[in-house]
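The values are calculated or read from the model by the stated rules, or taken from the named source; none is laboratory data. Remember, predicted model here, so these are calculated numbers, not experimental data. All Cβ positions, even for glycine, are placed from backbone atoms using ideal geometry, and neighbour counts span all protein chains on display.
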Amino acid sequence: MNAKKRIILAFLVLLLVAVAILFRFGGNCMRSTRVLHKYSRIIEQVDVNDLSLTIYYMSPWILTTFPLSVDGLINHSITEKTIVSGSDLKEHFDLFKQINNDVLIPVRRRSPYLNVRLYYVLECRINGRLLDVVMWSSEENIIVNGVEVKEHYIFYDIIIPFLPESAAEQWSRWRLDLLGENIP
């Protein structure tokens, strides 16, 4: 009888551990799916003229005395800011539609802190904030609408056309160095 109780107890503990692991790793995946579903639904229907894109950035090669948060980047003395109106977004709007499940690959373990060099927000006059992208976490992942995902070239390609020439060149070089030349 004692052995039977141990086996049942061991099975219950194992089941509890399995459920905890599933929620730990599956939860981020489910959150990314919800984020994408809401974003995709709105981006297909929105009038581009109702949108604006705000980009905060500094050179990816600048070293700071401590890692920067989003607020730290926004308020840093060397941070640049670019605001793009909806009419200027029209030409490159298809890039925003390329954010899908293939792009939003959640990471297994969240990074302990941020080290932000680029932050941008796509906002709609009617629906509010649609896309909130933070580059990077301490692991050089990207945080999209609060979900940490693996780096992907589309997050660079979205903003490069709207940056001043020197900044666009720096971020294009960074993209190539980091992600390789074989990526479109």
Exercise for the section: Answer yes if at least one residue in region 154-173 is over 17 Å from T82 (Cα atoms), aromatic (F, W, Y) and either touching a helix residue (DSSP H, G or I) at 6+ places or on another chain (Cβ under 7 Å) or surrounded by fewer than 20 Cβ atoms within 10 Å (Cβ to Cβ) (or both), and no otherwise. Expected result: no
Completion exercise
Restricted to region 72-98 and to residues being among the hydrophobic types (A, V, I, L, M, F, W, C), touching a strand residue (DSSP E or B) at 6+ places or on another chain (Cβ under 7 Å) and surrounded by fewer than 15 Cβ atoms within 10 Å (Cβ to Cβ), the residue farthest from R129 (Cα to Cα) is I74
Fill in the blank from the handout: Filtering region 40-71 for residues that are surrounded by fewer than 15 Cβ atoms within 10 Å (Cβ to Cβ), modelled with pLDDT under 90 and β-branched (V, I, T) leaves a count of 3
Practice task
Name the strands (runs of 3 or more DSSP E) wholly inside region 48-125 in which the number of residues that are within 18 Å of the chain's Cα centre (by Cα) is 3 or more.
Solution key: 51-57, 114-124
Exercise for the section: Among the residues of region 140-162, write down those that are acidic (D, E), more than 21 Å from H92 (Cα to Cα) and in a loop (DSSP other than H, G, I, E, B). Expected result: E140
Fill in the blank from the handout: Subset of region 82-140, residues touching a Pro at 6+ places or on another chain (Cβ under 7 Å) and touching a residue at least 60 places away in the same chain (Cβ under 8 Å), comes to H92, R117, S138
